[in-house]
Every structure is written in C-alpha cells, then in structure tokens.
1. Relative contact order for the chain using alpha-carbon pairs under 8 Å, separation at least 6, rounded to a whole percent?
2. For 220, 68, what's the fewest-to-most ordering of other Cβ within 10 Å of each Cβ?
3. Can you bin the stretch 97-217 into rounded, prolate or oblate? Criterion: square roots of the alpha carbon gyration tensor eigenvalues sorted a ≥ b ≥ c, rounded for a/c under 1.5, prolate for a/b above b/c, oblate for the rest.
4. What do you get for the angle between helix 57-71 and the principal long axis of the chain? Use alpha-carbon atoms, 0 to 90 degrees, nearest ten.
5. Roughly how many whole Å is it from the C-alpha centroid of the stretch 102-144 to that of the stretch 206-235?
6. With each label point set 7 Å from Cα along the Cα-Cβ vector, what nm distance links residue 222 and residue 37?
7. When the gyration tensor of the chain is built from Cα positions, what are the square roots of 5 times its three eigenvalues, in whole Å, from largest to smallest?
8. Using Cβ contacts closer than 10 Å as the measure, can you line up 188, 97 from fewest to most?
C-alpha cells in the first residue's frame, strides 16, 4: 500500500487551528468575565429628589438610589449615586477636604440595566467604550428616559463629573454646593441619550455635557432635565 504524503501546507493548517483555538479561549474568557446578561446593577432614577440640585448630599442621593432599587426588587445590593464633589483647600479654621470622584464610588462592575443588558464591564469600560445610550440608559423599572425629540426632554442627568468620572476643581460650583442647594449654583450634567442639539462631542457625553442653568427644579427642567441621576450597584 502506498504511503500517504502529508499535505504540503499542513504546518500552516496546524498553526491556523491553534490560533483559532487560542482566540476562542480568549473570547470565552472575556464573555465569562463580562456576561452580556445579568442582574440589575445600573439605572437612571425614575425621579429626582423634587428639590432640584438638593439631593441631601451624597448620603441623601445614595439613600434615594437604595429606595428606588428596593422598590424595584433589587434592594439586596448596595447602591451608590454616580456623583462627584470637589475637594476644599485647608483654611485657618478647617482642614483640607479631599475630592470625591463618582467613578470611585460605584464598585468594580460589571453593570447591567433593568432588562439585563450589559452597560459596562468595569470603570474603565464605563468611561470609555461603554454601551450607554437611549436604549440602555433605563430607569429602575426598565423604562426609557425622554431624550432629544421627546416632550418633555429629560436627558440631562446630574453628575458633577468630568468625562473620566473625576471631580472638578473647587473654583466654580459644579455640584449645586455638594448636592445641597435648590437655589444658587449650578451642576454639570450628562446626556443619557448621548444626543444634543449640536453634533459636537460634548453633546454626546453621558456624564459631561454642560452646566445646568441653576439648581432649582425649574432651572433643571429649563435646560432639559428633571433632577435625575445615575445609580450603580457597588457590590
């Protein structure tokens, strides 16, 4: 019986098969670390405090997140508001106050919305190529937030944050006086639908689009919001 010769390109076939197997393993590992479906770990609040930019400080905002999550059946997790607060320099009568960065408050991820859709795998993903837009930035009951083209437009979401999730300098008010003012001041907001009335990149940011017209409920509504903010499960 004549012996069978090996295929002249058998070494290439073996390499290709090996490469495909390795790619499959990497892909499987990635999917395992960031599942495309999961329990709710992110939502846009269905309502704000009703007092404009006065959320009761960070503690009050966190409590609001926890209350809404509990009503939606997700109260077993620890919820944090995605809000930053600038630090303060030391004075003769008070020590320095460190800044609070929104990205440092929300845990390691991954985060899924109320429909189980993956929003971001981790903080770097959240502040990079995340999956936030009008179809995924839902409230705790899985409802879409009104955006550009809807009446009323409520896509302005309070964050007080830079695009990377960090606080601003304390030179100007970007957080309605650390989320305690319903009158004087202003707050930086993002656009939950990642759309604006212009096509510039800032208008497409989910967490850093523009300052509000003020801190009253009326001022937040006038610039396209309702006093809503983002909530994330920190565990």
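Just so it is clear, none of the values below were taken in a lab; they were calculated from the coordinates. Owing to the predicted nature of the structure, the values given are computational and were not obtained by experimental measurement. When we count neighbours, we look across all protein chains shown, and the Cβ atoms used for this are built from the backbone with ideal geometry, even at glycine.
1. Relative contact order here is 26 percent.
2. 68, 220
3. oblate
4. Relative to the chain, helix 57-71 is tipped by roughly 60 degrees.
5. With the stretch 102-144 and the stretch 206-235 each reduced to a Cα centre, they are spaced 17 Å.
6. 4.6 nm
7. Each semi-axis is √(5λ); the values are 43, 20, 18 Å.
8. With the sparsest Cβ surroundings first, the list reads 97, 188.
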